[in-house]
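Chemist: Take a look at the following structure, please.
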Amino acid sequence: MNGSNGVVSAIEPIGASEVEPKGIAEEPKPSGRKRQGSVLDAIRRGEPTKATVHPEVLTEDAVIEIEAFSLWYGSSRALFDVSMPISRGKVTALIGPSGCGKSTLLRSVNRLNDLIDGVRVDGRMLLNGAPLYAPHVDVIDLRKRLGMVFQKPNPFPMSIFENVVYPLRIDGVRKKSVLRDACERALRGAALWEEVKDRLAAPALGLSGGQQQRLCIARAIVSDPEVLLLDEPCSALDPIATQRVEELIAEISERYSVLIVTHNMQQAARVSRYTAFMYLGHLVEYGPTEAIFGNPKLRETEQYVTGRFG
Amino acid sequence: MTGIVNDIPVPGVHQRRSTPPSAFGEPSVWLMGSALLLCLGMVAVIIVLIAGHGFSTLWPRPVDRVTLRSGEVFLGMPMGSETFTPNEEEQARINALLKAGDLTQADTAGPRTRYRFRLGNRDLGRDSFRWVPAYEIASRERPDDAVVVERDQWGVFIGVPDAVVLRQEIEEPANTPFVESFEVQTPNGSHPATQRVLSETGETRVIAREVHVAQGPAETSEKIDELMGAARDRRDEIDRLLRNRIPAVQDRLAELNWAERRVERAAGDHDPAGPVWLWAITTLACLGSLAGAVGVWRALPESRSRSVALLAIAVLACGTGLHAVLERPFLRGTLTEQQAQVRLDKIAFDSSVAEDERETLLSRIKDLEQRDDTVRVEIVDPGLDRFAPVAQTKPEEPMRLSQARRVIHANTLGPLGRVRLYLARWGDFLSRPPGESPGEGGVFPVIVGTVVLTMLLTVSVVPLGVIAAIYLREYASQGVVTSVIRIAINNLAGVPSIVYGMFGLGFFCYTMGGYIDGGPGAAALPRTPWWLLIAGLGGLVVLAGLLGAGASTPGVLSGGRSLSARLVRSATWGLWMGAVGLAIYLAWRTPYFHGFFAEKLPEQPTFGARGILWAAFTLALLTLPVVIVATEEAIAAVPGSMREGSLGCGASRWQTIRRIVLPASMPGVLTGAILAMARGAGEVAPLMLVGAVNLAPASPVTATPPFLHGDRTFMHLGFHIYNLGFQSPDAEAARPLVWTTTLLLVAIVLVLNLAAMVIRARLTGRRGGGGL
């Protein structure tokens, strides 16, 4: 489980903090348009900061609302009062340097962090208006409403068919025809049907990496979830497979709301409608993707998306 | 880092580092290779030794007729030779022979050769084996007429067939004229006959008439071949009646005897029944806890407290349920005098039927034996000039033909005949029960006992071990307690197996078995006021349920860190555990339960004695650590991404375990099972205490219901080897069979392992690509 105590503290900012201010100091300020003062420095010092949220995102219909959400692994804090709405039917990307809490935030949505001993949360998270962390929430039922795809393709060691219909199997669906239809629909949705339709009974581990990841996407969408959570879905894939998955995300986003964590700035720019930039567990800037990549309000965001730090 | 930075003053000049001698790995590779070779060599030696000896024991050997210088003659099967250095006495004898000119000077010096012969003929007082120095042998030839007779008793007999005799005992009036020898006319010609008076009373006398239907080695052998089939058929029929039919009738009679006792106990007020209302309370408690389990299942979300609560309630239901089932007050002591009498009459009638059957069988056996008794065969040991007797106490009567299992013309046997004989002997060895003395007969029941034990052990240890491993790995929080438990389990694997034997005998056989047989009184368990127990149990359950409902709400994750919440949780735990303990104690106590087999006590305990079920449980305990450790490792090797993937799909923890973790760790589970089976099949020490015997009176598996008799003793190959080679009075004769039995044990372990490996390979293959 990737969000243990070590991750939060063992990040690059030590190096960044030495280099970054110098760079800013030496470089003459290009214009007065960007807001002055280093937000990232403030974050590093542990001072309370306020996220810069573009007004466009607030007008959207939110499928998930995150309100002042904080998370602790034991005594170390991984998320600091994150507040952001996730738009319905759009792709929202979470970017930021390693350990900035994007995966933790993503995994908080379907409460996978519950499995780690010593995790504690504060704040609220709403899915379609219903709180996720209220007492008596059925976590299993909640996870059934959210599809999740992980960083590394993780097909189960069974046949392709069984992999896809796994969510239905655990719901007790036994009817062969229902399962077959659902399997075909999901595989078509994941653009994998043509490649595997003749060998549905073959072991899923025999597929290539890209196929495996699309299989995982098929598995995630077979039970028609309300939101699709993608945790760096392309980081273990080659460029061609990445392209296919990205095309797939674009297709899927017509049906589902997608929340995607990515390390790849170009990918975020290509697939997402909105982008959130996070740093050390704080939301730094959140807005339409064109704005974040083209004309961010914060200097730090610009430096990050143009690759000058992180 | 800094050093390197400082050492680059001149650009373009690279400093080369030298490779130290210790970097070369060849010597250690050689060392490791040699060690591996040594290990392989030792394994090879063991295999070659066991296989060589094991396979050669049953190979037919020729018979030598050896004449010694002293004039002594014997027949023996050569069993190899060795060189030895003569001691003073032997040297003196050699010198004397030299002086007499019987030995040439050439072979005076140096070590001497001596030969080993297998003699047989134990009933005539011969030793099983004999060493003979080469210089003592005057002549040595292979007579064609020598035969090896394999018998059911007294081992082999080596001799020369001399005559076939039809022997009859005739009672005739004393005034009939008596002749000692005369000729008898038969369709096959005339045969000499002799008569002998056995006893004489006033008017009648009993005479033994012996008709020699064949005489001389050639004619006798021919006659033996002619009569052998019929004789063996008679013997087999007698054996079948004695081994199967008679014991079955005896068992029925014994069962009826116990049934009679049971009725008498039920009729008399021997076992007081408890009050109905007490039974009603426990039954209600059982049903209540079942309902509670369903309630918890539905009400509580997926959490550790839910599984603990379920576990506790399950044990509770089992405890009270056992109490409710065992102590049905209305089913005891309800027989009126009249009903009892009716049943007793029925039992008496059944007994008389069974006894009639036994008489019929016995008379049939007697009849068969009488017919069998007439055909005798004289096979003579030429050295002693005596024939093989019918019994050691009757040296004047030749043996019955049916006593011979096979008569082998060892020296005239062709290669094909040898192979056929060899295979037939293997067939006998594998399919026949052991004879009365070790080294005779086969090992079939021993194989059955070993296999049944191993299977029972496997089916009891694997589920237990897998469940324990799953809990340890998947549910238990990985803290100090878990580590302590893990260390304890590993240490359990190091406890000497005899300790498990002691535990098995004390706990399984005497306590648990005693409880099943005769209730808590027989197992010497304490008695306490039961109503106090039930009240305490009820209180604990209610309290724990209330606390648990408060402590195990799903909000715990976000707010359950406070001291009071933790206190409540530990209190709940403690209460549940207390309730569980009380429930178990209650089930143990069952004050009005008098056992299932009380009527057989104290003479013949059923489960309260050594038996195959308790032996399997003891071995299961012994091999439990192996299974737990192997399964735990396999479960730990299942990547976390699989679990997350499954949970992310909305699967519950249990579904994830059942559908993802368990299938993926199946190869590891099977490895554990294989190790446990191999260990269990080879273990001897604890079995000696809890159930393995020399000669089991009955098989633990039968073709008739209930098929498996857990209370019966059994035979085990490991124990059989020990008995055969080292505990029998005639161990030396049985020693060759020790190798064969060892070979068999190794083969069985190998087959069990291979089977499990094949299953494992197929499992791994089906799941696609080398498991996980």
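Chemist: Could you tell me which GluC sites (Glu not before Pro) in region B:591-663 are loop residues by DSSP with no more than 14 other beta carbons within 10 angstrom of their beta carbon?
Modeler: Those that pass, being in a loop and sparsely packed, are B:Glu603.
Chemist: In nanometres, what is the gap between the two model label sites at B:Ser652 and B:Phe707, each 7 Å from Cα along Cα-to-Cβ?
Modeler: With each label placed 7 Å out from Cα toward Cβ, I get 3.2 nm.
Chemist: What part of the accessible area of chain A, given as a whole %, is carbon or sulfur when the probe is 1.4 angstrom?
Modeler: 52 percent
Chemist: Same structure, new question: Rounded, prolate or oblate: which one fits region B:333-490, using the alpha carbon gyration tensor with axes a ≥ b ≥ c (rounded when a/c is under 1.5, else prolate when a/b beats b/c, else oblate)?
Modeler: Oblate is the answer for region B:333-490, as a/c is 1.5 or above yet b/c matches or exceeds a/b.
Chemist: Within the P(r) computed for region B:218-277, what percentage of the Cα pairs occupies the region above 18 Å?
Modeler: Across region B:218-277, Cα pairs with separations above 18 Å total 66 percent.
Chemist: Sticking with this structure for a sec: Peptide A:163-173: average number of partner chain Cβ atoms within 10 Å per residue?
Modeler: Across the residues of A:163-173, the mean count of other-chain Cβ atoms within 10 Å is 3.
Chemist: What do you reckon, how do A:Leu179, B:Leu31 stack up by accessible area (1.4 Å probe), largest on top?
Modeler: B:Leu31, A:Leu179
Chemist: If you don't mind, another one. Please report the spacing between the Cα centers of region B:383-448 and region B:45-92 in Å, no decimals.
Modeler: Region B:383-448 and region B:45-92 have Cα centres spaced 20 Å from each other.
Chemist: Just order B:607-617, B:132-142 by mean Cβ neighbour count inside 10 Å, highest at the front, would you?
Modeler: My ranking of the peptides, most packed first, is B:607-617, B:132-142.
Chemist: Another question about this same structure. How much of B:Trp426 can a 1.4 Å solvent probe reach, expressed as accessible area in Å² and rounded to 10?
Modeler: Here the residue's solvent-accessible area equals roughly 30 Å².
Chemist: Further question on the same structure: Taking every pair of distinct Cα atoms and averaging 1/r, then inverting, what Kirkwood hydrodynamic radius in Å comes out for region B:617-668?
Modeler: Computed over region B:617-668, the radius equals 11.9 Å.
Chemist: What are the ³J(HN,Hα) couplings of region A:64-75, residue after residue, when phi is run through the Karplus curve with 6.51, -1.76, 1.60 and θ = phi - 60°? Round to Hz, x for glycine and proline.
Modeler: 10, 10, 9, 10, 6, 8, 10, 9, 10, 9, x, 9
Chemist: Right, here's the next one. Check B:Gly595: other-chain or 5+ apart residues with amide H under 5 Å from its amide H, H built from backbone geometry?
Modeler: Under 5 Å from the amide H of B:Gly595 lie the amide H atoms of B:Gly519, each far enough along the sequence or on another chain.
Chemist: Calculate one ³J(HN,Hα) per residue across region B:209-221 by plugging θ = phi - 60° into the Karplus curve 6.51 cos²θ - 1.76 cosθ + 1.60, and present them in order as whole Hz with x for glycine and proline.
Modeler: Result, rounded to whole Hz: 10, 10, 9, 8, 7, 8, 9, x, x, 5, 5, 5, 4.
Chemist: Rounded to the nearest 500, what is chain A's calculated 222 nm mean residue ellipticity when only DSSP H runs of at least 4 contribute -39500 (n - 2.57) each, over all residues?
Modeler: -11000 deg cm²/dmol
Chemist: Shielding of A:109-122 by partners, i.e. mean partner chain Cβ atoms within 10 Å per residue?
Modeler: Neighbouring Cβ atoms belonging to other protein chains average 3 per residue here.
Chemist: Regarding region A:155-224, what is the average projected area of its C-alpha convex hull, in nm²?
Modeler: 4.0 nm²
Chemist: Working only with C-alpha atoms, what are the Rg and Dmax values of region A:95-227, expressed in angstrom?
Modeler: Using the Cα atoms of region A:95-227, the pair Rg, Dmax is 16.4, 49 Å.
Chemist: Going by amide H atoms built from the backbone, whose H comes under 5 Å of the H on A:Met158, apart from near neighbours?
Modeler: A:Ala204, A:Leu205
Chemist: So, R0 is 41 Å and r is the distance between the beta-carbons of B:Val179 and B:Ala218; what FRET efficiency does that work out to, to 0.05?
Modeler: So, using R0 = 41 Å, E works out to roughly 0.90.
Chemist: Could you tell me which of B:Val73, B:Thr85, B:Asn95 has its Cα farthest along the dipole of region B:64-142 towards the positive end, charges placed at Cβ (Lys, Arg +1; Asp, Glu -1), taken about the Cα centre?
Modeler: The Cα lying farthest towards the positive end belongs to B:Val73.
Chemist: Here's another thing I want to ask about it. For each pair in A:Lys50/A:Lys144; A:Lys90/A:Lys175; A:Lys50/A:Lys152; B:Lys366/B:Lys394; A:Lys152/A:Lys297; A:Lys144/A:Lys176, compute the distance between the two Cα atoms and list the pairs where it is over 25 Å.
Modeler: Those over the limit are A:Lys50/A:Lys144; A:Lys90/A:Lys175; A:Lys50/A:Lys152; A:Lys152/A:Lys297.
Chemist: Which percent of Cα-Cα pairs in region B:64-142 sits in each 5 Å bin, short to long?
Modeler: 3, 14, 24, 24, 18, 11, 4, 1, 0
Chemist: Once you place label points 7 Å from the Cα toward the Cβ at A:Glu251 and B:Leu430, how far apart are they in nm?
Modeler: My value for the distance between the label points is 6.1 nm.
Chemist: So, with a 1.4 angstrom probe, what is the percent of accessible area on region B:64-142 that is carbon and sulfur?
Modeler: 44 percent
Chemist: Something else now. Whose amide H sits under 5 Å from the amide H of A:Val227, counting only residues 5 or more places off or on another chain, with H placed in the peptide plane?
Modeler: When sequence neighbours closer than 5 places are left aside, the close amide H contacts are A:Gly147.
Chemist: Something else about it: Can you bin region B:388-431 into rounded, prolate or oblate? Criterion: square roots of the alpha carbon gyration tensor eigenvalues sorted a ≥ b ≥ c, rounded for a/c under 1.5, prolate for a/b above b/c, oblate for the rest.
Modeler: Oblate shape, in that a/c is at least 1.5 and b/c is the bigger or equal ratio.
Chemist: Another question, then. Would you mind giving the mean number of other chain beta-carbons within 10 Å of the Cβ of each residue in A:153-162, as a whole number?
Modeler: That works out to 5 on average.
Chemist: Starting from the Cα gyration tensor of region A:43-119, take the square roots of the eigenvalues, sort them a ≥ b ≥ c, and report rounded, prolate or oblate (rounded when a/c is under 1.5, otherwise prolate if a/b is larger than b/c, else oblate).
Modeler: Judged from the Cα gyration tensor, region A:43-119 comes out oblate (a/c at least 1.5, b/c at or above a/b).
Chemist: Counting protein heavy atoms only and a 1.4 angstrom probe, how many square angstrom of accessible surface do chains B and A bury in total, to the nearest 100?
Modeler: Summing both chains' loss of accessible area gives about 2700 Å².
Chemist: Could I ask something else about it? Taking each pair of different alpha-carbon atoms in region B:343-426 once, compute 1/r for the pair, average those values, and report the inverse of that mean as the Kirkwood hydrodynamic radius in Å to one decimal.
Modeler: 16.9 Å
Chemist: Now, a different point. Hey, with R₀ at 51 Å, roughly what FRET efficiency would B:Arg240 and B:Thr113 work out to, going by the Cβ-Cβ distance, to 0.05?
Modeler: FRET efficiency, B:Arg240 to B:Thr113: 0.55.
Chemist: Hey, another quick one. As an exercise, identify the GluC sites (Glu not before Pro) in region B:410-478 lying in DSSP coil whose Cβ has no more than 16 other Cβ atoms within 10 Å.
Modeler: The qualifying sites are B:Glu436.
Chemist: Alpha carbon centre of region B:217-267 versus region B:463-505: separation in Å?
Modeler: Region B:217-267 and region B:463-505 have Cα centres separated by 48 Å.
Chemist: Normalise the Cα radius of gyration of chain A by 2.2 N^0.38 Å (N = residues in it) and let me know the number.
Modeler: In units of the 2.2 N^0.38 Å rule of thumb, it is 1.03.
Chemist: Given a 10 angstrom Cα cut-off, can you work out which residue in A:Pro97, A:Pro203, A:Pro296 is the most mobile in a GNM of chain A?
Modeler: Highest fluctuation of the listed residues: A:Pro203.
Chemist: Placing +1 at every Lys and Arg Cβ and -1 at every Asp and Glu Cβ, with all other atoms neutral, what dipole size does region B:630-719 have around its Cα centre, in debye to the nearest 20?
Modeler: Result for region B:630-719 is approximately 240 debye, rounded to the nearest 20.
Chemist: Pick out which of A:Gly101, A:Gly89, A:Gly118 has the largest mean-square fluctuation in a Gaussian network model of chain A, springs linking Cα atoms closer than 10 Å.
Modeler: A:Gly118
The values are calculated or read from the model by the stated rules, or taken from the named source; none is laboratory data. Owing to the predicted nature of the structure, the values given are computational and were not obtained by experimental measurement. Because the Cβ atoms are built from the backbone with ideal geometry, glycine has one as well, and the counts that use them run over all protein chains shown. With ligands, DNA and RNA removed, areas are computed over all heavy atoms of the protein, side chains included. Shrake-Rupley method; radii C 1.70, N 1.55, O 1.52, S 1.80 Å.
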